[in-house]
Amino acid sequence: MLEIRTSGDSAVTLSRGFGVSDALIGKVRRGELYKSPRSRRSAVASDRPGWALAFYTGMRRGEVGRSEWQHVFWDADEIMVAASKSDAGEGRRVPMVGPLKRILREEWIRRGEPATGTIVVRSVDSGKWQARADKAWKEARLARVTLHEARHTYASFLMAAGYNLKQIQEYLGHADLVTTGRYIKNLPVPRGTTARQKLDAYLASEVGDL
């Protein structure tokens, strides 16, 4: 006959007695055992969307902090800067490149697919924002980067991709080309973009071999 006995030991002690790992016990106690990766991320705020906006759209610090979901146009692959410190920058639409779109969509899903509200949860004006980034840069053995330097990085992306000065001005939200010129004057000319090579590439794509 099967004898059932009670024990005064805790569930954790009994689980360890049956060879259950502490990691698994911890997941059970936190209610994470059957959660999907999506639901596990739901309670974790991240600075990643803010840095992605800075690196891939060139938004200023204040523009990053004020960016909102209703200004993300998924189908058009664009994001609008609705509020800017300058009239020239306000209302501009910036291309939403693949890496940025993936990061924003993950954050959008994590937040429950909101129709409105700010994209960045944590304050970009807090000193803790840069402190967290500095720690990450150091751990990865990378040079320190600030939000403003990320904006300059975006300008270099545009130049390397072959955008003209007027387009770079528009995407950065500058009031004049002089300001844009200061951004890019020290950037190296991308390889393969001499005057001849640029024209050769254009003719090859439009006309083909002659």
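Table for the structure above
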item: Contacts under 6 angstrom Cβ, first residue in the range 78-102 being of a type in the set (Asp, Glu), partner at pLDDT below 90, 6 or more apart; result: Glu90/Ser84
item: Criterion: closer than 12 Å to Arg60 by Cα and of a type in the set (Phe, Trp, Tyr) - qualifying residue of Tyr171, Tyr163; result: Tyr171
item: Residue match in the range 155-169 (condition: over 20 Å from Trp74 (Cα atoms) and either basic (Lys, Arg) or not assigned by TED's automatic domain parsing to the domain that holds Glu68 (or both)); result: yes
item: Positions within the range 141-163 being small (Gly, Ala, Ser) and not in a helix (DSSP H, G or I), in sequence order; result: Ala143, Ala161, Gly162
item: Residue tally, condition without any contact (Cβ under 8 Å) to a residue 40 or more places away in the chain and not charged (D, E, K, R), over the range 113-143; result: 9
item: Yes/no for Glu170 being modelled with pLDDT of 75 or more, assigned to a helix (DSSP H, G or I), surrounded by 15 or more Cβ atoms within 10 Å (Cβ to Cβ) and charged (D, E, K, R); result: yes
item: Residue count, the range 185-210 (criterion: modelled with pLDDT of 70 or more and closer than 30 Å to His148 by Cα); result: 0
item: Number of the exception - Ala133 against (1) within 24 Å of Gln70 (Cα to Cα); (2) surrounded by 13 or more Cβ atoms within 10 Å (Cβ to Cβ); result: (1)
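The values are calculated or read from the model by the stated rules, or taken from the named source; none is laboratory data. The structure displayed is predicted, hence computed values, not measured ones. FYI the Cβ positions are ideal-geometry reconstructions off the backbone, even for glycines, and counts take in every protein chain you see.
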